[in-house]
Structures are given as C-alpha cells and as structure tokens.
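One structure is given here, and the rest of the page talks about it.
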C-alpha cells in the first residue's frame, strides 16, 4: 500500500479554510506541502503550519509552468495536486445567470486545467500520484439558480475523469500496475465538513490507485 510520508503535495489555491485544514492534516501525516496562492500575505499562515509557500497566478499557464520548475528545483517531483480554488455565485433563474458570475466561477476550472496539465508527468512518474477536486452534489441535480455554478463543476468533473482515463490507459499500454489516480469528492456544502474533506485528502495515499481512480466520493451523504 502507498504511504503519504514524504510525499510532495501541491495545494493550488491554499488560503481557504479547507486549505488551512488540509495543510495541517497533510503535514501532521508526514507529507511535504507546497501551498500556492497569488496572495503572499495570506500564505504566511500556511508557512507557520509547515508548508512551503509559493506565490503564483494559477490562471496563467506560463506562471504555472514556472511554478513547476521552482518546485522541481527546491523539492523534486510532485506526488499530489489538489486544486482548491472555488466559490459560489448564483441565485435567480436561468435569465439571472450573468456572464460576470460565470467568468468568476470559471476560474476554478481554468486552475484545474493548468495545474493538471503542468504536473501530469509528475503524477504519472510517482509511485502514488494523486489528483483530486472538491465538487458539488448539485452536479447530480442541477437547479436553475445555480446553473453557472453547476456547469463549471460538471466541466471540472469531466476533466478529472478524463485525467483518470489517461492514467489508466498509460498504465495499461505500458503493461504496468496503475499507480496514479484522479478522484472527485462531492459535498452539499463545505461548511462544517472541512475536517472530513482534509482527512479524505490524506487518505488518498492509503488506498491503492485502482480503488480510487475515476471514483466519485460523497463526503456528506
């Protein structure tokens, strides 16, 4: 079974409440954590928890590639990527789903695309590479008032499942055991379940990849 001790985990968008909780849980479990945000001031709190802080505009793919080079020089290959950029905008019906709200929500999908592409080779090369996102149970039952939000979450889930298929295909073609996994966690709301979510992130390295690759896990069912 894989072990999280010594694993290098990148938390992309780490200054949220979940970012703090996940940093603490990962460091306590023995992982090395790189906490990434564009807000240098807020990263100091995560450094105090034991993370390495990196300032980066995660919406810029060139900046993310530069981030990858810095991490490789300082820490080596990456074993886990957890995008935590999120947020909610919505209300009203379909006609009230504004472009402004959609563009703000789309940021999380852009960040997912950028970091998963940048670190794809690292996760495949790792003996236990892991990618995971926090999604919403609303994907299974979308409502008009949250159409922008759920559309972005659905796109993010589709992207992660495509990553999972890529991991499985690469292992199959190389006639190797599956080592990398891409997983989706769904919540109704993160409020009150940050601790559970953080522990499930840690648990990604306690399960064999074949059991969690292309899997959707409800955290507050």
Exercise for review: For residues that are under 18 Å from residue 7 (Cβ atoms) and over 14 Å from the mean Cα position of the chain (by Cα), tally how many sit in region 181-198.
Suggested key: 0
Study note, to complete from the structure: Within region 178-209, residues more than 18 Å from residue 131 (Cβ to Cβ) and assigned to a loop (DSSP other than H, G, I, E, B) come out as 188, 189, 190, 191, 192, 193
Study note, to complete from the structure: Scanning region 117-137 for residues that are touching a residue at least 40 places away in the same chain (Cβ under 8 Å) and part of a helix (DSSP H, G or I), the one nearest to residue 203 (Cα to Cα) turns out to be 123
Practice item. Determine if region 185-197 includes at least one residue that is within 23 Å of residue 61 (Cα to Cα) and modelled with pLDDT of 95 or more. Key: no
Exercise for review: Looking only at region 144-161, decide whether some residue is part of a loop (DSSP other than H, G, I, E, B), more than 17 Å from the chain's Cα centre (by Cα), modelled with pLDDT under 95 and surrounded by fewer than 18 Cβ atoms within 10 Å (Cβ to Cβ).
Suggested key: no
Check your understanding: Given (1) in contact (Cβ under 8 Å) with a residue 24 or more places away in the chain; (2) surrounded by 13 or more Cβ atoms within 10 Å (Cβ to Cβ); (3) over 28 Å from residue 142 (Cα atoms), where does residue 39 come up short, assuming only one miss?
Key -> (2)
Practice item. Would you point out the residue of region 212-221, among those that are in contact with a strand residue (DSSP E or B) (Cβ under 8 Å, 6 or more places away or on another chain) and not in a strand (DSSP E or B), that is surrounded by the most Cβ atoms within 10 Å (Cβ to Cβ)? Key: 213
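The values are calculated or read from the model by the stated rules, or taken from the named source; none is laboratory data. This one's a predicted model, so the numbers in the text were calculated from it and none came from an experiment. Here Cβ is always computed from backbone atoms with ideal geometry, including for glycine, and neighbour counts include all displayed protein chains.
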